[in-house]
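Student: Got a structure for you, written out below as structure tokens; questions coming shortly.
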Amino acid sequence: MSENLNPFAIAQAQLDEAATILQLDPDMHAFLREPMREFHFTIPVKMDDGRTRIFRGFRVQYNDARGPAKGGLRFHWEETIDTVRALAAWMTWKTAVVDIPLGGGKGGIICDPRELSQTELERLSRGYMRCIARSLGLAKDVPAPDVYTNPRIMAWMMDEYEMLVGHQEPGVITGKPLPLGGSAGRDDATARGGICITREAAKVLGINLVGATCAIQGYGNAGSFYHSLAEDLLGIKVIAVSDSRGGIVNKNGLDSAAVKKHKAETGSVIDFPGADNITNGELLELEVTVLAPSALENVITARNAANIKAKISAELANGPTTPKADEILYENGVYVLPDSLCNAGGVTVSYFEMVQNAYQYYWHVDMVHERLDQKMTKAFYDVHHMAQAKNVNNRVAAYLVAVDRVAQAVRLRGWV
Ligand code: GLU
């Protein structure tokens with residue numbers, strides 16, 4: 001079975017399905033199918049050896065009807081404009097699902113950050129900001145971390161922006177380090193939001209999560225924090241985890257602190273003492289209660305969807321499941337917690353960060369956790385009730401909730 005794996009074609013197909021069910025006005029549908037604005041630029045960077053290397057960068061402001069564009073920056077060797085378009089579209093639906101007053105955007109640079117020195121990475125980050133600064137700002141478009149970017153990169157970019165505009169404006173970017181106006185609780189926010197959604201899903205499904213098993217694909221910011229929080233907050237036993245080099249499994253459970261230490265020392269989770277090495281593909285097909293795809297797009301496809309044995313798939317990654325795989329999972333009774341709902345905790349705390357930056361007054365971490373939980377829980381039930389009312393899977397339900405909210409804002413502005 002051949003499948004179109006272009007992420008933007010997938011994002012458009014998902015929207016098309018929702019538009020049909022919503023009986024969306026065709027002009028509105030046509031407008032929401034395309035990004036409102038996109039920027040392509042060339043970033044010259046002085047390398048440590050004295051040569052200049054040329055990098056390609058993108059920023060897509062998909063839709064800002066509900067508020068300034070919002071979304072991360074990804075540094076990845078396989079970045080393409082269509083991936084960025086898809087991720088920007090998904091941010092638009094994500095901010096609408098959790099009902100925060102923001103639009104959707106995304107950016108990226110084609111580069112392999114693992115091959116760059118810290119000084120090269122700094123010059124690349126500052127170079128990116130110089131290319132896009134005039135189109136960013138807390139009332140225009142606000143970037144954040146994503147795959148292979150981090151608080152340190154956000155700090156360089158914020159500094160570069162402030163130097164260019166000549167005033168302080170920490171809210172131009174989120175996911176900053178705490179001393180520069182970052183929010184308490186932003187570091188584990190994506191995973192913590194996913195924990196709230198997993199908890200509510202288990203309630204409606206009548207599943208007891210204490211002692212239940214979990215496999216996590218991807219061990220970056222989202223996956224590694226999901227490991228410790230699933231243990232600490234839900235009593236889940238994580239039996240398998242993986243990163244780009246491969247996975248490990250131990251049916252008796254993997255201690256998160258020990259695995260994190262091992263990865264910090266060796267660069268990977270593989271060869272963890274007391275566990276067996278497995279492939280990423282094998283990890284996805286393990287018999288577990290919760291599967292958490294937490295890496296990149298298109299890992300659950302028509303090829304392997306029928307072999308997924310998890311009861312719940314908690315999507316901490318963006319776009320891990322293709323539309324064909326979605327159909328197969330739904331038929332097989334796998335309860336999918338779609339990305340726009342399950343991983344929205346990150347952007348929700350980014351929004352809290354923008355609010356705190358705007359009034360220069362910072363919240364205690366308990367307040368962040370409480371407000372995050374409220375937002376996630378409300379979003380879960382908005383999607384759950386929509387799925388029940390329309391008899392559709394959770395992905396389609398999340399689209400119905402989000403597209404309706406974005407379309408309302410577009411209509412009220414008089415754009416369509
Ligand atoms: N990169 C994260 C996401 O995909 C966070 C975006 C943000 O905080 O703006 O949701």
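The values are calculated or read from the model by the stated rules, or taken from the named source; none is laboratory data. Just so it is clear, the model here is predicted, and its values are computed rather than measured. When we count neighbours, we look across all protein chains shown, and the Cβ atoms used for this are built from the backbone with ideal geometry, even at glycine. For the accessible areas, the whole protein counts, side chains as well, though only heavy atoms, and no ligand, DNA or RNA atoms are used. Shrake-Rupley method; radii C 1.70, N 1.55, O 1.52, S 1.80 Å.
Student: Any residue in the stretch 121-134 that is open to solvent by 10 Å² or more (accessible area, probe 1.4 Å), more than 19 Å from the chain's Cα centre (by Cα) and among the hydroxyl-bearing types (Ser, Thr, Tyr)?
Tutor: no
Student: So, one more: Could you look through the stretch 116-147, keep only residues that are over 20 Å from PHE352 (Cβ atoms) and not in a helix (DSSP H, G or I), and pick out the one that is nearest to the ligand (Cβ to nearest atom)? Before the answer, list the steps.
Tutor: Within the stretch 116-147, the subset over 20 Å from PHE352 (Cβ atoms) is 116-135, 147.
From what is left, the residues that are not in a helix (DSSP H, G or I) are 116-117, 147.
Details: LEU116: 20, SER117: 25, VAL147: 8 Å.
Result: VAL147.
Student: Looking at the stretch 286-295, can you tell me whether even one residue there is at pLDDT 95 or above, surrounded by 15 or more Cβ atoms within 10 Å (Cβ to Cβ), of a type outside the set (A, V, I, L, M, F, W, C) and part of a loop (DSSP other than H, G, I, E, B)?
Tutor: Yes, there is a match, as at least one residue in the stretch 286-295 is at pLDDT 95 or above, surrounded by 15 or more Cβ atoms within 10 Å (Cβ to Cβ), of a type outside the set (A, V, I, L, M, F, W, C) and part of a loop (DSSP other than H, G, I, E, B).
Student: Continuing with the same structure: Quick one: how many residues across the stretch 97-119 are closer than 30 Å to HIS385 by Cβ and of a type outside the set (A, V, I, L, M, F, W, C)? Can you show your working first?
Tutor: Step one: list which residues in the stretch 97-119 are closer than 30 Å to HIS385 by Cβ, which gives 97-106.
Narrowing further to those that are of a type outside the set (A, V, I, L, M, F, W, C): 99, 101, 103-106.
Residues meeting the conditions: 6.
Student: Also: Which of the residues spanning the stretch 382-416 are at negative phi and not in a helix (DSSP H, G or I)? Talk me through it step by step, then tell me what you get.
Tutor: Of the stretch 382-416, the ones at negative phi are 382-390, 392-413, 415-416.
VAL392, ASN393, TRP415, VAL416, listed by residue number.
Student: Collect the residues in the stretch 86-111 that are open to solvent by 10 Å² or more (accessible area, probe 1.4 Å), outside any strand (DSSP E or B) and more than 14 Å from the ligand (Cβ to nearest atom), keeping them in residue-number order.
Tutor: ASP99, the sole residue that qualifies.
Each row is one residue, and each column tells you yes or no for (1) surrounded by fewer than 24 Cβ atoms within 10 Å (Cβ to Cβ); (2) farther than 27 Å from ALA407 by Cα; (3) within 16 Å of the ligand (Cβ to nearest atom).
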residue: PHE31; (1), (2), (3): yes, no, no
residue: MET36; (1), (2), (3): yes, no, no
residue: PHE39; (1), (2), (3): yes, no, no
residue: ILE54; (1), (2), (3): yes, yes, no
residue: ARG59; (1), (2), (3): no, no, yes
residue: LYS70; (1), (2), (3): no, no, yes
residue: TRP77; (1), (2), (3): yes, yes, no
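Student: While we're here: Quick check: is even one residue across the stretch 298-307 open to solvent by 10 Å² or more (accessible area, probe 1.4 Å) and part of a strand (DSSP E or B)?
Tutor: Initial filter on the stretch 298-307 (open to solvent by 10 Å² or more (accessible area, probe 1.4 Å)): 298-299, 301-304, 306-307.
With part of a strand (DSSP E or B) added as a condition, the list becomes none.
Looking for residues that are open to solvent by 10 Å² or more (accessible area, probe 1.4 Å) and part of a strand (DSSP E or B), one finds none in the stretch 298-307, hence no.
Student: May I pose another question? In the stretch 182-204, which residues are among the hydrophobic types (A, V, I, L, M, F, W, C) and farther than 20 Å from VAL97 by Cβ? Give the steps one after another, and end with the answer.
Tutor: At the first step, the residues of the stretch 182-204 found to be among the hydrophobic types (A, V, I, L, M, F, W, C) are 184, 189, 191, 195-197, 201-202, 204.
Matches in the stretch 182-204: ALA184 only.
Student: For the subset of the stretch 320-359 comprising residues that are in contact (Cβ under 8 Å) with a residue 60 or more places away in the chain and small (Gly, Ala, Ser), which member is farthest from the ligand (Cβ to nearest atom)?
Tutor: ALA358
Student: Pairs only if they're at least six apart or on different chains, beta carbon under 7 angstrom, first in the stretch 176-201 and modelled with pLDDT under 95, second buried (at least 23 other Cβ atoms within 10 Å of the Cβ); list them, first residue then second.
Tutor: That search, which allows pairs on different chains as well, returns nothing.
Student: Just checking, which of LYS311, LYS390 is under 24 Å from ALA30 (Cα atoms), away from the ligand (no atom under 16 Å from the Cβ) and open to solvent by 10 Å² or more (accessible area, probe 1.4 Å)?
Tutor: Values: LYS311 fails: under 24 Å from ALA30 (Cα atoms).
LYS390 is the lone residue from the list that is under 24 Å from ALA30 (Cα atoms), away from the ligand (no atom under 16 Å from the Cβ) and open to solvent by 10 Å² or more (accessible area, probe 1.4 Å).
Student: I want to confirm something. Restricting to the stretch 359-381 and keeping residues that are assigned to a loop (DSSP other than H, G, I, E, B) and hydroxyl-bearing (Ser, Thr, Tyr), which single residue is farthest from VAL349 (Cα to Cα)?
Tutor: Within the stretch 359-381, the match that is farthest from VAL349 (Cα to Cα) is TYR361.
Student: Please count how many residues of the stretch 148-180 are open to solvent by 40 Å² or more (accessible area, probe 1.4 Å), within 16 Å of the ligand (Cβ to nearest atom) and under 18 Å from GLU120 (Cα atoms).
Tutor: The total comes to 4.
For every residue, the table says whether it meets (1) closer than 22 Å to THR42 by Cα; (2) free of Cβ contacts under 8 Å to residues at least 40 places away in the same chain; (3) not charged (D, E, K, R).
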| position | (1), (2), (3) |
| --- | --- |
| VAL60 | yes, no, yes |
| GLU79 | yes, yes, no |
| ALA89 | no, no, yes |
| ALA96 | no, no, yes |
| THR119 | yes, no, yes |
| THR149 | yes, no, yes |
| MET154 | yes, yes, yes |
| TYR161 | yes, yes, yes |
| LEU164 | yes, yes, yes |
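Student: Related question: When LEU337 is evaluated against the numbered criteria (1) within 30 Å of GLY181 (Cβ to Cβ); (2) in contact with a strand residue (DSSP E or B) (Cβ under 7 Å, 6 or more places away or on another chain); (3) not aromatic (Phe, Trp, Tyr), which criterion, by number, is the only one it fails?
Tutor: (1)
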